[in-house]
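Asks: Take a look at the following structure, please.
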Amino acid sequence: MRIRKSAVLVAILLVIAAAAAGFIWGLPAWRAEQDRSLRDRLAHDQKTADSYQMLLKGEERMKREPDNPEGFLTAGLAWKSIGDSTGERQFIERALAVYEKGVLLFGDRNAVVVLDAANLNRQLGDYARAEKLYRDAISVNPGGADAYLALVDLYRYDLKKDSKDIIDVYRQALATVVENPEIVQHLAFYLKDVGRYADALSYFELLDKQYPGQFTEVIDELRQKIASI
């Protein structure tokens, strides 16, 4: 029996599509077992083996519930855990591929997947992409503190931004995050670190009213510094 050329073409296209899908998702879990370094870890390291089981569950949920970001978050975290435990960049990149796919699907309504993608871009050194995603996460969830503080850290430690740019992020956070003692404390220590002692003191005194006695030592230190100037 002769096989029609159209049927052969369809079969080839299906194979190509399947291969492309594997690339988009980062790397299917079953292919991970073919990686020698990971295979050895699975046999001898319980933490990696546990992360791999989490990966299987995450990928299964991605297939079963493609409209639910939880599968992407689970699979991405599993790949990251494997990368952290093995110290191999390739697994972090696979985590990022999953998160970036999640950003495409859910980024307009789920700040967590956007923030996770931003954090991994920062870890891998793509600071421009990380900055954009932190801004996107803030837009999706302007009332959450995590993206603001992560953006501050990116500006301060990686991009070496001017103090004005960093303080602008803090001020934006203070204006939009209702429960913000973490942001106030973060800002207070930053101002202390850059030598703006009077400004830092005002924020620590504000915190001291909410949490009496917890900031006495740093308040006394700042008062002494101001008095000695």
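Asks: Just to verify a result, which residue in region 87-103, among those that are free of Cβ contacts under 8 Å to residues at least 60 places away in the same chain and either over 18 Å from Asp136 (Cβ atoms) or of a type in the set (A, V, I, L, M) (or both), is surrounded by the most Cβ atoms within 10 Å (Cβ to Cβ)?
Replies: Filtering region 87-103 for residues that are free of Cβ contacts under 8 Å to residues at least 60 places away in the same chain and either over 18 Å from Asp136 (Cβ atoms) or of a type in the set (A, V, I, L, M) (or both), the one surrounded by the most Cβ atoms within 10 Å (Cβ to Cβ) comes out as Phe91.
Asks: Another one. Consider Asp50 carefully, then state whether it is assigned to a helix (DSSP H, G or I) and more than 23 Å from Leu133 (Cα to Cα).
Replies: yes
Asks: Continuing with the same structure: Quick check on my filter: what residues within region 33-47 are of a type in the set (D, E, K, R), assigned to a helix (DSSP H, G or I) and free of Cβ contacts under 8 Å to residues at least 12 places away in the same chain?
Replies: Hits for region 33-47 are Arg36, Arg39, Asp40.
Asks: Considering only residues that are touching a helix residue (DSSP H, G or I) at 6+ places or on another chain (Cβ under 7 Å) and either among the small types (Gly, Ala, Ser) or part of a helix (DSSP H, G or I) (or both), which ones fall in region 53-69?
Replies: Met54, Leu55, Leu56, Lys57, Gly58, Glu59, Arg61, Met62, Pro69
Asks: Taking region 196-223 as the search range and keeping residues that are in a helix (DSSP H, G or I) and of a type in the set (Ser, Thr, Tyr), which one is surrounded by the most Cβ atoms within 10 Å (Cβ to Cβ)?
Replies: Ranking the qualifying residues of region 196-223, first place goes to Tyr203.
Asks: Tell me, yes or no, whether region 67-87 has at least one residue that is modelled with pLDDT of 55 or more, more than 23 Å from Asn119 (Cβ to Cβ), assigned by TED's automatic domain parsing to the domain that holds Val98 and not acidic (Asp, Glu).
Replies: No, region 67-87 contains no residue that is modelled with pLDDT of 55 or more, more than 23 Å from Asn119 (Cβ to Cβ), assigned by TED's automatic domain parsing to the domain that holds Val98 and not acidic (Asp, Glu).
Asks: Taking interchain pairs and intrachain pairs at least six residues apart, which have beta carbon atoms under 9 angstrom, with the first residue in region 187-205 and over 16 Å from Tyr157 (Cβ atoms) and free of Cβ contacts under 8 Å to residues at least 12 places away in the same chain and the second surrounded by fewer than 19 Cβ atoms within 10 Å (Cβ to Cβ) and not β-branched (Val, Ile, Thr)?
Replies: As it stands, the answer is Gly195/Lys225; Arg196/Ser163, since those pairs meet every condition given.
Asks: Going by what's in this entry, would Tyr155 be described as surrounded by 17 or more Cβ atoms within 10 Å (Cβ to Cβ) and either closer than 20 Å to Val113 by Cβ or in contact with a helix residue (DSSP H, G or I) (Cβ under 9 Å, 6 or more places away or on another chain) (or both)?
Replies: Yes; evaluated as a whole, the condition is true for this residue.
Asks: Please pick out the residue among Ile167, Ile138 that is surrounded by fewer than 22 Cβ atoms within 10 Å (Cβ to Cβ) and either touching a Phe, Trp or Tyr at 6+ places or on another chain (Cβ under 9 Å) or on the phi > 0 side of the Ramachandran plot (or both).
Replies: Selected residue: Ile167, the only one of Ile167, Ile138 that is surrounded by fewer than 22 Cβ atoms within 10 Å (Cβ to Cβ) and either touching a Phe, Trp or Tyr at 6+ places or on another chain (Cβ under 9 Å) or on the phi > 0 side of the Ramachandran plot (or both).
Asks: Let me ask another. Output yes when any residue across region 104-111 is among the acidic types (Asp, Glu) and either crowded, with 19+ Cβ neighbours inside 10 Å or under 30 Å from Ala188 (Cα atoms) (or both), and no when none is.
Replies: Within region 104-111 (the criterion being among the acidic types (Asp, Glu) and either crowded, with 19+ Cβ neighbours inside 10 Å or under 30 Å from Ala188 (Cα atoms) (or both)), the answer is no, since none of the residues qualifies.
The values are calculated or read from the model by the stated rules, or taken from the named source; none is laboratory data. None of the values given here were measured: they were computed from a predicted structure. So basically every Cβ, Gly included, is an ideal-geometry build from the backbone, and we count neighbours across all protein chains shown.
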